[in-house]
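Below: the structure, in structure tokens.
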Amino acid sequence: MRRLSDGTIRFSPRDLISYLEGDFAAWCDRLHAESAGRAPTRLHDGLDLQPDVADEDATLVARYGNEHEAAHLAKLLEQIPDLVQVARSRETYDAHDATRTAMASGASVIFQGELRAGEWMGIADFLHRVDDASAPDGYHYEPRDTKLARWAKPYFILQLCAYADMLEAMQSHRPGQFGFVFGDGTETSFLTADFWHYYRRLKRSLETFHRDWSADKRPDPSLDRSHGRWSDAVAKLFEALDHLSLVANITRSQIVRLREAGIHMVASLAASTGAVPRMSASTLETLRAQATMQMESRSKGTIAWRLRERDIERPRRGLALLPPPSPNDVFFDFEGFPYAPGGLEYLFGVVTVDSGTPVFRDWWAHDPVAEKKAFEQFVDWVYDRWQRDRSMHIYHYAAYEKTALCRLMTTHGTREEQVDDLLRNEVLVDLLPVVRQGMVIGTPSYSLKYVEHLYMPVRTEGVVSAGGSVVEYQNWIDTQNPAILDRIRAYNKVDCESTAGLRDWLLARQKEAEIEYLPPEPPKAKEEESPATELAERLLARAESESGEAARVTSLLAWLLEFHRREEKPWWWKYYDRMKATEQELYDDIECLAGLERTSTPSRVIKKSTGFEYRFDADQDTRVEAGATCALAWTEGLKGTVEGF
């Protein structure tokens, strides 16, 4: 968005995306445009409104996006000799006029065409000519964009709908479809009509928002899902206001209900008493306890914590999930690089304690072949360790390690039985549920970087975050400087040591509270290996002795066998995780619907079943829809069908 010399505002598709993120981001965009060239506008006492400064990670995303676009352009230049590139560097050059000229000439492809329609302007990556007898000139143009992602996100769709809208104004014909070239090279098209009415409704809403815009009417940022390029400004604003959003794990709808009850700050929530309309007593108590701990942390200058009350109905939660220690326990952490084609887990790091001394081991992979080898070596090592000591466990923090192991066994078609064994016997122990279910900690987040201040000093290494390790790995790709890998290795080692320190700290709390470990039920008997699996193993063994096309075809045949069963495995492990998840974890999972409360409406007969009516938080993001068959968490084997909303 920018204000032109004649005083009018010119919009771009980015403004539509910003508005989709929330009213506050759109309000900030307008305020920033209005104050261009003048003193910055005050967001709050002492706080100036400034957009986020692009960090190294954002710069890296932009770099890979530009490289992806350039690679696709080079491919098209080889195939399409009349491709027109619209220049944008010369001051006297009218890019929009050049685009119209290229369209009138019937160029097969136009790169970086500038589109305009009324108050709107946009720059499309590529415009492709489509022969169409119904168009005024016998052809029309369709927009296509390059995107690093591997699937179409909602704001991608809206962006190209906006391009289609501007193209309709320029060529008197609406493109029938638009498309994307994704980061893995796949190209996908979508029908414009499938999204047109939603796009037009959102566009009208944005234009109304800006007609009524006022610098004095600042929207509440806590009601929005995200804040775009104003995230840093919002964080500072929340700190200055002691906003309820600072309470760990609070939701937007909970903030609304607390504010309706006159509770606007963390301090007022901690000091509150009594009920809050449309909020259950247990939810209110959880939020109040969290706010109280955070206030206590502020007053003490150290992190406050306490144990949660035990759940009598579900005793295997929190510290009861923590097994007794074994001298062969493993503390595990991955480092991944998301910008490699298909992603790359380039470092498998573990810490063990040998004779009282922490020992770090690592497996590295800089390409898919090495990733498979590192995965196999890690699984073989840890599986053998478990076979020799069945009391040993693998500790990690949050779900990434478990999810990545499942993905790797499926991607590479190897070590499936071993990983399956480890998961079925719950050898992997995620410490995040132990912490969240068992304790209230006075931090605004339960990420490891916050929680670890309970038991270890502040980090001082050169790499201190996962995002930082991604940037450093890119630096290594560019320079091949081995010192960079040393820094990443040191960061991963500290992460593993932090996980070990957390486990030990939690064991001490478990002992103090006299909470006993409750082991899982013995796993069900494994299915016998099918003839197809045995055949696949023989084919893979044969492929190793072959070469060239024969090896490729034999391997492909082996991987096709049992493909669907193998693809289903990660889904089933996710199902079992959801069966044990907390209500908050289910709330945050878009595939679930959480916090259901039975209404007073009597049950009724639906076909041969009984129907019950429940209420739930309408602000919860979910993909569950009418007609869906759902499993009921905490009651394995019991299912239901969503009749309607």
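Below are the figures for this structure:
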{"quantity": "Where THR357 falls short, out of the listed (1) touching a helix residue (DSSP H, G or I) at 6+ places or on another chain (Cβ under 9 Å); (2) closer than 16 Å to GLU497 by Cβ", "calculated": "(1)"}
{"quantity": "Scope the stretch 372-393; condition under 26 Å from SER498 (Cβ atoms) and either touching a helix residue (DSSP H, G or I) at 6+ places or on another chain (Cβ under 7 Å) or buried (at least 18 other Cβ atoms within 10 Å of the Cβ) (or both); matching residues", "calculated": "ALA374, PHE375, PHE378, VAL379, VAL382, TYR383, ARG385, TRP386, MET392, HIS393"}
{"quantity": "Single residue of the stretch 246-282 satisfying the filter (among the basic types (Lys, Arg) and either touching a residue at least 24 places away in the same chain (Cβ under 8 Å) or in contact with a Lys or Arg (Cβ under 6 Å, 6 or more places away or on another chain) (or both)) that is surrounded by the fewest Cβ atoms within 10 Å (Cβ to Cβ)", "calculated": "ARG278"}
{"quantity": "Residue count for the stretch 352-367, restricted to those that are surrounded by 14 or more Cβ atoms within 10 Å (Cβ to Cβ), modelled with pLDDT of 95 or more and either more than 28 Å from GLY342 (Cβ to Cβ) or not hydrophobic (A, V, I, L, M, F, W, C) (or both)", "calculated": "4"}
{"quantity": "Positions within the stretch 592-645 being closer than 22 Å to THR251 by Cα, surrounded by 10 or more Cβ atoms within 10 Å (Cβ to Cβ), of a type outside the set (A, V, I, L, M) and out of contact with any Phe, Trp or Tyr (no Cβ under 7 Å at 6 or more places or on another chain), in sequence order", "calculated": "CYS592, TYR614, ARG615, PHE616, ASP617, ASP619, ASP621, THR622, ARG623, GLU625"}
{"quantity": "Flag if GLU613 is farther than 27 Å from ALA399 by Cβ, at pLDDT 85 or above and of a type in the set (Asp, Glu)", "calculated": "yes"}
{"quantity": "Residues being open to solvent by 30 Å² or more (accessible area, probe 1.4 Å) and within 27 Å of the chain's Cα centre (by Cα) - total across the stretch 486-529", "calculated": "5"}
{"quantity": "Residues of the stretch 320-372 classified as touching a Ser or Thr at 6+ places or on another chain (Cβ under 8 Å) and free of Cβ contacts under 8 Å to residues at least 60 places away in the same chain, total", "calculated": "3"}
{"quantity": "Some residue of the stretch 331-346 being over 30 Å from PHE375 (Cα atoms) and open to solvent by less than 10 Å² (accessible area, probe 1.4 Å)", "calculated": "no"}
{"quantity": "Yes/no for ALA281 being among the small types (Gly, Ala, Ser) and closer than 30 Å to HIS264 by Cβ", "calculated": "yes"}
{"quantity": "Subset of the stretch 559-573 (residues that are surrounded by fewer than 17 Cβ atoms within 10 Å (Cβ to Cβ) and within 22 Å of the chain's Cα centre (by Cα))", "calculated": "GLU567, GLU568, LYS569, PRO570, TRP571, TRP572"}
{"quantity": "So ALA291, is it modelled with pLDDT of 90 or more, open to solvent by less than 10 Å² (accessible area, probe 1.4 Å) and in contact with a helix residue (DSSP H, G or I) (Cβ under 7 Å, 6 or more places away or on another chain)", "calculated": "yes"}
{"quantity": "Subset of the stretch 262-281 (residues that are assigned to a loop (DSSP other than H, G, I, E, B) and under 16 Å from THR292 (Cα atoms))", "calculated": "ILE263, HIS264, SER272, THR273, GLY274"}
{"quantity": "Matching entry among ALA124, ALA102, ALA152, ALA162 (being aliphatic (A, V, I, L, M), under 24 Å from TYR199 (Cα atoms) and out of contact with any helix residue (DSSP H, G or I) (no Cβ under 7 Å at 6 or more places or on another chain))", "calculated": "ALA152"}
{"quantity": "Selected residue (only one of ARG578, ARG598 is under 30 Å from GLY438 (Cα atoms) and in contact with a helix residue (DSSP H, G or I) (Cβ under 8 Å, 6 or more places away or on another chain))", "calculated": "ARG578"}
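Results for (1) over 22 Å from VAL494 (Cβ atoms); (2) not hydrophobic (A, V, I, L, M, F, W, C), shown as yes or no for each residue.
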residue	(1), (2)
CYS406	yes, no
HIS412	yes, yes
LEU432	no, no
GLU452	no, yes
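The values are calculated or read from the model by the stated rules, or taken from the named source; none is laboratory data. Given the structure is predicted, the values throughout are model-derived calculations rather than measurements. Note that we place each Cβ from the backbone using ideal geometry, even for glycine, and neighbour counts take in every protein chain shown. Surface areas here come from the heavy atoms of the whole protein model, side chains and all, with no ligands, DNA or RNA. Shrake-Rupley method; radii C 1.70, N 1.55, O 1.52, S 1.80 Å.
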